[in-house]
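Student: The structure is given below, and queries will be raised subsequently.
Bear in mind these aren't lab numbers, they're just calculated from the coordinates by the rules spelled out. Please read these numbers as outputs of a predicted model, since none were measured by experiment. Glycine also receives a Cβ, built like all others from the backbone with ideal geometry; neighbour counts cover every protein chain displayed.
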Ligand SMILES: [Zn+2]
């Protein structure tokens, strides 16, 4: 009797579930986005951009500590490596840095959530784990914004996706969390990755690259609810459309495209890690807050970060990745 009752009961539950599946999934992305909080971002960033990391210069002791922090996070969260069990490092040999003063080996840190329906199609979310080290007096360049902000944003995005996986709501396409080294000395880690990709580049749907999302551009003091998007329609109009649709729906930030102007002297499109994907014809979005008075100074510290704004920007990236990962059709480089 009990067993029979259970069988009938569970079949009713099951049929309700499948009928409501589409709506639930939509609702759930909001619940997962809410796990990305200013408080968690702040907690991570005070450690990640702390003095103990010694400014995270590529190949230094501090950079190795930073890589360990990222790896330990993924291990604790139960998010796998795409390389092999418990090995989250894509090692880059010293020879790759030849021509640099005092070349040292270094590593990208990678973690992976396998897609449930189209696992071969990969979305790469990237940020650089390195910064510029210390000055001759031993002052630490904390790099809280550059790029502690992008680094800890990825950790929170990964955690939100992992929660979805645990609920049986994991993304249809795969997501690679890519923490690249050697950015500050010349985009080495992202170049190494695109020359030695863990998944074929032709199956790489897009790259969402985060480099500095925790501060406010002095020109934006009056209208701080913004983020600069760079390169978002350079290869794919579809990618920009998805991004602006999810923003309209969920985050309502001002998406400022001013740095897409080909005459802009800053040439930011060429200056962070997404460029190594873009030059391989992979659609990209570069998320950026603009430069500010503490850029590449010892005063780029975690106490100056706007955590509430950073939460909103991080959620925008999460929603964008969620939509690209779950939508029916793969986005394409429709402007090639
Ligand atoms: Zn940077």
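Student: Taking Cα atoms, how many degrees apart are the long axis of helix 38-48 and the longest axis of the chain, rounded to 10 and kept between 0 and 90?
Tutor: Tilt relative to the chain: about 40 degrees.
Student: Could I ask something else about it? What FRET efficiency, computed as 1/(1 + (r/R0)^6) with R0 = 45 Å and r the Cβ-Cβ distance, is obtained for residue 223 and residue 203, rounded to the nearest 0.05? Display every interim value, and only then the final one.
Tutor: Working: r = 39 Å, r/R0 = 0.87.
With R0 = 45 Å, the Cβ-Cβ based efficiency is 0.70.
Student: Note down the relative contact order for the stretch 192-336 as a percent, whole number, built from C-alpha pairs under 8 angstrom at least six residues apart. Can you show the working numbers first?
Tutor: On the way: 195 pairs, mean separation 61.0, N = 145.
Result for the stretch 192-336 is 42 percent.
Student: Moving to a separate point now. Between residue 166 and residue 120, 0.36 nm times their residue separation minus their Cα-Cα distance comes to what?
Tutor: Working: separation 46, 0.36 × 46 = 16.56 nm, distance 2.04 nm.
Length gained between residue 166 and residue 120: 14.5 nm.
Student: Give the separation of the Cα centroids, the stretch 94-163 to the stretch 299-336, in Å.
Tutor: After rounding, the separation between the Cα centres reads 16 Å.
Student: Further, regarding this structure: Which log10 I(q)/I(0) values does the stretch 67-188 give at q = 0.20 Å⁻¹ under the Debye formula, counting every alpha carbon as one identical point scatterer?
Tutor: -1.13
Student: Which of 30, 165 comes first, and how do the rest follow, when ranked by fewest Cβ neighbours within 10 Å? Provide the component values of the computation, followed by the final result.
Tutor: Values: 30 12, 165 15.
Starting with the residue having the fewest Cβ neighbours, the order is 30, 165.
Student: Then there's this: Just from its helices, what would the mean residue ellipticity at 222 nm be for the chain, if runs of 4 or more DSSP H residues each count -39500 (n - 2.57) and the sum is divided by every residue, rounded to the nearest 500 deg cm²/dmol?
Tutor: Numbers: 9 runs with 119 residues, N = 336.
Computed ellipticity for the chain at 222 nm equals -11500 deg cm²/dmol.
Student: For the stretch 114-260, report the convex hull volume of the alpha-carbon atoms normalised per residue, in Å³, without decimals.
Tutor: Working: hull volume 21.7 nm³, N = 147.
Hull volume over Cα atoms, normalised by residue count, gives 148 Å³.
Student: Now for a separate question. Subtract the Cα-Cα distance of residue 261 and residue 336 from 0.36 nm times their separation in residues, and report this length gain in nm to one decimal. Walk me through the numbers on the way to the answer.
Tutor: On the way: separation 75, 0.36 × 75 = 27.00 nm, distance 1.85 nm.
Taking residue 261 through residue 336 to full extension adds about 25.2 nm, to one decimal.
Student: What percent of all Cα-Cα pairs in the stretch 179-323 falls in each 10 Å bin, counting up from 0?
Tutor: Per 10 Å bin, starting at 0, the Cα pair percentages come out as 11, 40, 38, 11, 0.
Student: How big is the Kirkwood radius of the stretch 216-298, worked out from every pair of different alpha carbons and given in Å to one decimal?
Tutor: 13.7
Student: Highest mean first, how do 223-236, 54-67, 314-327 rank when packing is the count of other Cβ atoms within 10 Å averaged over residues? Spell out each step's value before the answer.
Tutor: On the way: 223-236: 20.4, 54-67: 22.0, 314-327: 23.9.
Listed from highest to lowest mean packing, they are 314-327, 54-67, 223-236.
Student: If you average the sequence gap of Cα pairs under 8 Å that are 6 or more apart and divide by the length of the chain, what percent do you get for the contact order? Let's see the in-between values first.
Tutor: Numbers: 636 pairs, mean separation 72.9, N = 336.
The value is 22 percent.
Student: OK, next. Determine, at each q value in 0.10, 0.11, 0.12 (inverse angstroms), the log₁₀ of I(q)/I(0) that the Debye formula gives when each Cα of the chain is one equal point scatterer.
Tutor: -0.56, -0.67, -0.79
Student: Label points 7 Å out from Cα along the Cβ direction at residue 68 and residue 85: separation in nm?
Tutor: 2.3
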